[in-house]
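One structure below.
The values are calculated or read from the model by the stated rules, or taken from the named source; none is laboratory data. Because the structure is predicted, anything quoted here is derived from the model rather than measured. Here the Cβ positions follow ideal geometry from the backbone for every residue, glycine too, while neighbour counts run over all protein chains shown.
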């Protein structure tokens, strides 16, 4: 992950100096390098940031959105229900006294939107969620790579158990009128994401 990019963002949004920003980055990076992570790694964050940058010309830049992207998977354990809440809490703890309370609340809310339990309403949350789901709309080889890495994180489950859980998540996305809330990511990813998901569900059915 790009240490300089994170530190510049953190300093821009807070009262932290370079040393303090570097310390937060070091802890953030350590989490993303944790054991048993194969998909929810720093590489996922870098992918998300590259797609955020791609959208910036049309949708603009937002520090709160970028902070949420950096931190949305900082705490992760496969199958644990409160990963997003714990990630939001981690961010709020690190930001306390350094970032404006309103900004902390906004970013924490964006992180919580990545539970993907319901389509986002807030414009910033729409962008965060679309960026997080954008991998579903990539070329088949990358979609399969991500799927294989997610399967590794759930190695404790049987194939049937994994297929049921992951299949339910993917079917819930298909049932939405649109997977992507922003017009930018809808145009970029929607068709291919639906094709990828249908192929994945067919593999799970086997």
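A few comments on the model shown:
- Matching option when the condition is closer than 26 Å to residue 110 by Cβ and either surrounded by fewer than 15 Cβ atoms within 10 Å (Cβ to Cβ) or touching a strand residue (DSSP E or B) at 6+ places or on another chain (Cβ under 6 Å) (or both), among 192, 203, 199, 178: 178
- Some residue of region 81-93 being surrounded by fewer than 16 Cβ atoms within 10 Å (Cβ to Cβ) and modelled with pLDDT under 95: yes
- Inter-residue pairs, beta-carbon under 6 Å, first touching a residue at least 24 places away in the same chain (Cβ under 8 Å) and in region 156-180, second loosely packed, with under 12 Cβ neighbours inside 10 Å and outside any loop (DSSP other than H, G, I, E, B), 6+ apart: none
- Odd one out for residue 42 among (1) closer than 21 Å to residue 20 by Cα; (2) out of contact with any helix residue (DSSP H, G or I) (no Cβ under 9 Å at 6 or more places or on another chain); (3) surrounded by 15 or more Cβ atoms within 10 Å (Cβ to Cβ): (2)
- The one condition in (1) farther than 27 Å from residue 185 by Cα; (2) assigned to a helix (DSSP H, G or I) that residue 47 fails to fulfil: (1)
- Meets criteria (assigned to a helix (DSSP H, G or I) and free of Cβ contacts under 8 Å to residues at least 60 places away in the same chain) for residue 58: no
Okay, residues lined up against (1) farther than 27 Å from residue 71 by Cβ; (2) out of contact with any helix residue (DSSP H, G or I) (no Cβ under 6 Å at 6 or more places or on another chain):
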position	(1), (2)
143	no, no
164	yes, yes
169	no, yes
179	no, no
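- Failed item in (1) surrounded by fewer than 18 Cβ atoms within 10 Å (Cβ to Cβ); (2) touching a residue at least 60 places away in the same chain (Cβ under 8 Å); (3) closer than 26 Å to residue 142 by Cα, with residue 27 passing the rest: (3)
- Enumeration of residues in region 72-86 that are assigned to a loop (DSSP other than H, G, I, E, B) and under 19 Å from residue 46 (Cα atoms): 72, 73, 74, 75, 76
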